[in-house]
Amino acid sequence: GTYDSLRLVAGNKVTSKATIDGISFVAGNDLYLEGSATYGFYAGNTITINENIEKDLLAAGNKIVVEANTIIGRDAYLAGNQIIVNTNITRDLRAGGNTIDLSGVTIGGDAYIGAERVILDENTVITGKLTYYDDTNITGLDKATIGEVITNHYDKVVIKYDIKDRIYTFIVSAIAAFITMLCLLYL
């Protein structure tokens, strides 16, 4: 159907073909989305998006597939284990996950990627900047057309606790538990 304002749908297996003049919130295990929405907010295990999103898309899940017929009017924010983008993005892409496939995609703005593996090819075009971390395994970076490439480095922080810190933490936790127990007994 057609809905004004916002629409919230949740379930195990959700197929939505609605026209939503506003925000579409969909959550579930297996999502298949087609139709249209002003903004799309989706969370699930497997998400397949094949719809017209007038402004921004935000999706989080295990596997996210943005089909070729999908139209994204502005920005896309994607977080998942496996992300496959088969459509062009008008402005910026921010994506984080294990594997991100951007083969044959045109991104009209910047792409901010946080992933272990990124797949690009000779048909991938990023008009603005591609920003990623130096430990990312990128396939096809030399074949893609990219405005500017920025590689970030992060230092891993390792916090070590010595025996004195562990004893102190144990004593404070024991005192807090004792005070909580006294309060409950008093009530």
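Residues checked against (1) part of a strand (DSSP E or B); (2) closer than 20 Å to Ala115 by Cα:
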position: Asn29; (1), (2): yes, no
position: Gly40; (1), (2): yes, no
position: Ala43; (1), (2): yes, yes
position: Ile47; (1), (2): yes, yes
position: Leu58; (1), (2): yes, yes
position: Asn69; (1), (2): no, no
position: Arg74; (1), (2): no, no
position: Ile83; (1), (2): yes, yes
| message | Need pairs with beta-carbon distance below 6 Å; first residue closer than 14 Å to Ala111 by Cα and open to solvent by 60 Å² or more (accessible area, probe 1.4 Å) and within the range 124-153, second among the acidic types (Asp, Glu) and in a strand (DSSP E or B); sequence gap 6+ or separate chains. | response | Lys129/Glu148
| Count - residues of the range 5-26 that are assigned to a strand (DSSP E or B), open to solvent by less than 60 Å² (accessible area, probe 1.4 Å) and among the aliphatic types (A, V, I, L, M) | 5
| task | With respect to Val105, determine if the residue is more than 23 Å from Gly28 (Cβ to Cβ) and over 16 Å from the mean Cα position of the chain (by Cα). | result | yes
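This table checks each residue for (1) at pLDDT 95 or above; (2) under 19 Å from Thr127 (Cα atoms); (3) more than 16 Å from the chain's Cα centre (by Cα); (4) aliphatic (A, V, I, L, M).
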site: Gly1; (1), (2), (3), (4): no, no, yes, no
site: Thr15; (1), (2), (3), (4): no, no, yes, no
site: Phe25; (1), (2), (3), (4): no, no, no, no
site: Lys63; (1), (2), (3), (4): yes, no, no, no
site: Asp75; (1), (2), (3), (4): yes, yes, no, no
site: Ile100; (1), (2), (3), (4): yes, yes, no, yes
| request: Looking at (1) open to solvent by less than 30 Å² (accessible area, probe 1.4 Å); (2) within 20 Å of the chain's Cα centre (by Cα); (3) hydrophobic (A, V, I, L, M, F, W, C), find the lone condition where Ile119 falls short. | output: (1)
| request: Mind checking which strands (runs of 3 or more DSSP E) fall wholly inside the range 95-180 and carry at least 3 residues that are in contact with a Pro (Cβ under 6 Å, 6 or more places away or on another chain)? | output: none
| query | Given Asn69, Asn52, Asn29, which one is touching a strand residue (DSSP E or B) at 6+ places or on another chain (Cβ under 9 Å), over 18 Å from Ile107 (Cα atoms) and open to solvent by 50 Å² or more (accessible area, probe 1.4 Å)? | reply | Asn29
| note | Of the residues in the range 141-159, those that are within 26 Å of Arg91 (Cβ to Cβ), hydrophobic (A, V, I, L, M, F, W, C) and either in contact with a Lys or Arg (Cβ under 7 Å, 6 or more places away or on another chain) or at pLDDT below 90 (or both) come to Ile150
| query | Regarding Ile159, is this residue without any contact (Cβ under 8 Å) to a residue 12 or more places away in the chain and hydrophobic (A, V, I, L, M, F, W, C)? | reply | yes
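The values are calculated or read from the model by the stated rules, or taken from the named source; none is laboratory data. None of the values given here were measured: they were computed from a predicted structure. Reconstructed Cβ throughout: ideal geometry from the backbone, glycine too, with neighbour counts over all protein chains shown. Protein only, heavy atoms only, side chains kept; ligands, DNA and RNA dropped before computing areas. Shrake-Rupley method; radii C 1.70, N 1.55, O 1.52, S 1.80 Å.
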